[in-house]
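Worksheet: one structure, shown below.
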Amino acid sequence: ETKTKEIKVEVKKSLLNHPTQHVEVKRDPKVQVARLKLPILGEEQRIMELVNENEFLIVAGETGSGKTTQIPQFLYEAGYTQHKMIAVTEPRRVATVAMAARVGYELGLTSKEVSYLMRFEGNVTKETKIKFMTDGVLLKEIQSDFLLSKYSVVIIDEAHERSVYTDILLGLLSRIVPLRRKRGNPLRLIIMSATLRIEDFTENTRLFKEPPPVIKIDSRQFPVTVHFNKHTYSDYLKEAYKKTVKIHTRLPEGGVLIFVTGQQEVKYLVRKLRTSFPYRKDVDYSKLITKKRPVSEADAALDSEPDDIESDDDEVEKEMKRAKKARRKAKLIAKSLPKINLDDYDMPDDDGQADLVDADDDSEGHLSDSDAEEDGLSAVIKSCRQPLWVLPLYSMLSSSKQSRVFAAPPPGARLCVVSTDVAETSLTIPAIKYVVDTGKKKMRVYDHVTGASAWRVVWTSQASAEQRAGRAGRVGAGHAYRLYSSAVFQHECVPHHPPDLCRRPVDDLVLTMRCMGIDKVVNFPFPTAPDRLQLKLAEKRLETLGILEKIEKVNSNKRRIQDDGEILKVTPLGKAVSAFPLLPRYGKMLALSHQFGLLPYTIALVSALTVQEVMSGKPDSWLATGNTLLLGDPGVLLRVVGAAEYAYVKGEEELFCAKYGLREKAIKEIRKLRKQLTSEINLSIAGVDVTVDPEMKPPDDNQARLLRQLVLSGLGDQVGRKIGLDEVKEGEDKRKFKYAYHCGELDEPVHLHGMSILRKTIPEWVVYQELYETGEDNKKMIMRNVTAIEPEWLPVYVPQMCNLGEPLSDPEPRYDEKSGRVKCHFKGTFGKAGWELP
Ligand code: ADP
Ligand code: MG
């Protein structure tokens with residue numbers, strides 16, 4: 001047996017013929033010195049042996065151990081770029097640019113040879129040898145060249161981030177690599193990750209039949225003392241500011257790294273800290289600085305509790321005394337202080353970058369400049385003459401500004417970087433001794449009914465908190481200040497956040513993957529697979545909605561064939577739908593409404609449908625009159641949004657909400673969603689330019705009818721038909737069936753919601769947004785947000801569910817102006833239950 005094994009390995013090795021011609025690199029001696037300090041350098045030989053002999057390799061190492069900057073260089077020197085390129089993917093734009101620049105510099109090559117490429121930006125040339133790119137870009141390349149024939153090695157960096165694209169890439173590459181070997185043209189895949197949850201890759205036999213070898217890089221990590229706050233305050237920015245002031249004024253030299261959640265917060269805190277501890281070009285601070293006395297661990301605790309121990313409030317009193325003393329001193333110094341000139345930092349405060357990625361006005365609405373006098377700190381601030389060299393870091397920051405964090409601060413000034421979570425694992429800032437962690441991050445949160453997403457500020461995971469703390473131990477022992485209590489850490493912070501791909505609604509995921517040309521979403525080798533049944537149901541739903549269609553078995557090698565001999569393909573409608581940042585059914589409403597010029601109405605409608613419990617009671621009758629009555633509950637919502645906006649513009653929103661029993665918070669939420677959706681649609685769809693109309697008038701008759709059809713187009717798989725009283729069995733209470741409907745394949749009746757406006761008319765055919773079951777004792781299925789439809793529309797908008805016979809006379813469906821009905825001239829049935837169409 002041993003013999004066969006050996007032979008097998010040998011065959012494999014020979015198929016994996018690795019380059020033998022090394023490339024000479026002349027590095028700057030300074031670079032070489034810095035490199036030699038990195039723990040990964042001692043592992044070069046072991047890593048290269050594993051790369052040469054394997055197709056898959058996992059490199060797990062602490063952040064800052066040198067994975068991203070060094071491994072591409074090892075490969076370059078070993079000759080992997082002599083015929084093909086090395087690809088390195090990053091989930092973040094910041095890292096893409098910064099790392100390409102760094103590797104190029106260390107190798108003594110230009111940006112022509114070590115280049116980067118991301119959406120809207122890049123510097124790749126014909127001479128490019130190492131190509132850093134965002135993971136989305138490599139996915140796009142796979143669509144046009146499935147075998148990635150330009151590359152000899154693909155490195156998936158930051159795999160622990162588990163971005164949707166990274167996960168899909170890993171699944172695809174697990175199949176591409178063996179295909180390349182079969183063609184005698186091997187491709188190597190290196191997965192690089194912080195030391196987090198490697199088992200998702202190694203223990204997943206669908207992804208890799210045999211677990212790939214793992215190489216762990218031990219890094220030189222100094223001890224970091226973690227301090228928790230005694231209390232958790234909601235204004236974490238204020239806390240971050242206060243803590244930074246204390247560190248700067250009381251603790252020995254060493255850079256400070258502050259984690260906040262978004263660009264706005266970064267800018268705000270940068271401005272505030274710069275104003276407090278200004279830096280001036282024309283002052284020679286190196287003379288001004290007196291050596292601070294060495295500080296004991298107890299002092300370093302500031303007023304946090306070291307780990308779990310409850311400390312008393314003595315600190316506060318001491319603090320006050322100290323502050324008083326300082327204030328007296330400050331009065332004297334204040335007169336001699338120079339005026340602040342923010343230009344001395346040599347960069348405008350606002351860099352004019354679009355707030356694309358982490359924009360979220362609401363969550364950052366608490367930013368205010370009013371609290372300069374915090375708890376006697378102003379005196380301490382004034383008495384401190386050492387400037388703070390404060391730098392921002394976030395993903396949309398221009399690359400030249402990003403790179404400033406790697407340079408030493410001016411003599412005498414202390415480095416302070418205010419960053420979003422990009423500094424958690426993607427970028428390692430040198431010389432950080434203190435970490436201030438707000439414990440918060442921004443996460444995309446999806447509404448599971450509509451798929452609308454919003455950035456929410458949430459607690460980081462425990463794993464993230466550890467990563468953040470670790471940043472303080474790169475150059476020596478450090479301190480991490482968590483601005484929340486240890487109870488929060490234990491009870492509010494989850495160990496890990498689930499991967500993005502598993503938090504996304506499945507319909508959306510299925511469509512996205514289909515658009516990438518991935519046929520078998522259900523069988524796809526995800527690193528962490530979403531629920532299979534959910535994927536199957538999503539496929540079926542998308543087919544019903546005309547977003548995917550079954551096409552006949554084709555015998556070309558390009559398309560793999562599904563088990564039942566058919567494959568699902570994205571329809572032209574589906575392509576349009578996929579551009580909208582919503583679940584496909586709502587995307588379909590939007591795509592079609594664009595054709596009718598009703599996009600603004602539909603955006604308002606979908607926004608309103610995303611927010612729960614807008615009304616606290618039955619809607620006022622004026623909200624559902626005339627043409628919007630049949631549009632039903634969505635119609636009421638549309639009127640509410642229009643009227644509430646009108647009141648808002650006049651400054652009477654609160655009054656308006658109170659008068660009509662509307663939940664004010666819900667109205668605000670809808671407004672925010674409407675704005676967000678409008679701008680996202682403008683950004684993502686070429687040729688679309690919609691605005692939010694503050695005085696949205698009620699739709700006219702024709703528009704109201706079209707809106708009903710649009711609602712049907714998106715909810716066509718959720719049709720209900722009134723149960724006739726003649727259908728009620730002998731002995732059953734007929735009153736119970738007053739608002740009862742048949743619905744799809746369900747045996748039991750479903751009922752109009754108690755607050756549904758359609759209880760007035762009880763139309764025969766309806767569509768609904770959502771079904772839910774009421775409480776324990778009186779179980780009942782309820783339809784929420786119901787719209788009346790005409791059965792004649794079904795063959796037009798939901799043809800997939802109609803069985804139509806031969807055309808009766810005129811085969812063209814005709815629109816009758818007078819009745820507003822489409823006459824379809826077919827005899828047929830609808831759905832599995834075979835409801836007869838008139
Ligand atoms: P890993 O990928 O393992 O997290 P990196 O390769 O990103 O580690 O970083 C290795 C070292 O290189 C770190 O100490 C980091 O500070 C340093 N480094 C990275 N980019 C730059 C740069 N532009 N200027 C100076 N040092 C840098
Ligand atoms: Mg890295």
*Using the structure shown, list the pairs from LYS520/LYS575; LYS540/LYS760; LYS67/LYS150; LYS216/LYS242; LYS575/LYS832; LYS441/LYS569 with a Cα-Cα distance above 29 Å, or answer none.*
LYS540/LYS760; LYS216/LYS242; LYS441/LYS569
_Low-density loop cleavage sites - GluC sites (Glu not before Pro) in the range 95-132, where at most 12 other Cβ are within 10 Å (DSSP)_ = GLU127
*With the Cα gyration tensor of the range 754-808 giving a ≥ b ≥ c as the square roots of its eigenvalues, does the rule (a/c under 1.5 for rounded; else a/b larger than b/c for prolate; else oblate) give rounded, prolate or oblate?*
prolate
*asked:* Restricting to DSSP loop positions (anything but H, G, I, E, B) with no more than 16 other Cβ atoms inside 10 Å of their own Cβ, which chymotrypsin sites (Phe, Trp or Tyr not before Pro) remain in the range 574-648?
replied: PHE596
*asked:* Over all directions, how big on average is the projection of the convex hull of the alpha-carbon atoms in the range 217-258, in square nanometres?
replied: 4.5 nm²
*Directionally averaged shadow of the range 658-742, computed from the convex hull of its alpha-carbon atoms, nm²*: 10.0 nm²
*Can you tell me the equivalent ellipsoid semi-axes for the range 635-680? Use √(5λ) from the Cα gyration tensor, largest first, whole Å.*
18, 11, 10
*Per 5 Å bin from zero, what fraction in whole % of the C-alpha pairs of the range 122-212 is there, up to the bin with the longest pair?*
3, 12, 24, 26, 20, 11, 4, 1
*Could you calculate the contour length gain from THR528 to LYS569, that is, 0.36 nm times the residue separation minus the distance between their Cα atoms, to one decimal place in nm?*
12.3 nm
*asked:* Treating only the Cβ of Lys, Arg, Asp and Glu as charged (+1, +1, -1, -1), what charge dipole size does the range 189-228 show about its Cα centre? Round to the nearest 20 debye.
replied: 80 debye
*Relative counts (whole %) of C-alpha pair distances in the range 389-451, using bins that are 10 Å wide*: 17, 46, 22, 10, 4, 1
*If you put +1 on each Lys and Arg Cβ and -1 on each Asp and Glu Cβ, how big is the dipole of the range 1-146 around its Cα centre, in Debye rounded to 20?*
260 debye
*Go through the range 53-155 and name the trypsin sites (Lys or Arg not before Pro) that are in a DSSP coil and have 14 or fewer other Cβ atoms within 10 Å of their Cβ.*
LYS112, ARG119, LYS126, LYS150
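Beyond 20 Å, what share of the Cα-Cα pairs of the range 562-693 remains, rounded to the nearest whole percent? Don't jump to the answer; show the numbers that get you there.
Values: 4280 of 8646 pairs.
Every Cα pair in the range 562-693 considered, those over 20 Å come to 50 percent.
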*Once all Cα-Cα distances of the range 365-490 are split into 10 Å bins that start at 0, what whole-number percent is in each one?*
10, 32, 37, 17, 3, 1
*What ranking, highest mean first, results for peptides 473-484, 233-244, 44-55 when packing means the other Cβ atoms within 10 Å averaged over each residue?*
473-484, 233-244, 44-55
*Using only the alpha-carbon atoms of the range 452-606, report the extent along each of the three principal axes, biggest first, to the nearest angstrom.*
64, 43, 28
*Could the peptides 210-216, 259-265 be put in order, highest first, of the mean number of other beta-carbon atoms found within 10 Å of their residues?*
259-265, 210-216
_Size of charge dipole - the range 62-144 - debye, nearest 20, with Cβ of Lys, Arg +1 and Asp, Glu -1, no other charges_ = 200 debye
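A short reminder: the numbers here are calculations on the coordinates, not readings from a lab. Please read all numbers here as calculations on a predicted model, not as lab measurements. Here the Cβ is made from the backbone with ideal geometry for all residues, glycine too, and neighbour counts use every protein chain on show.
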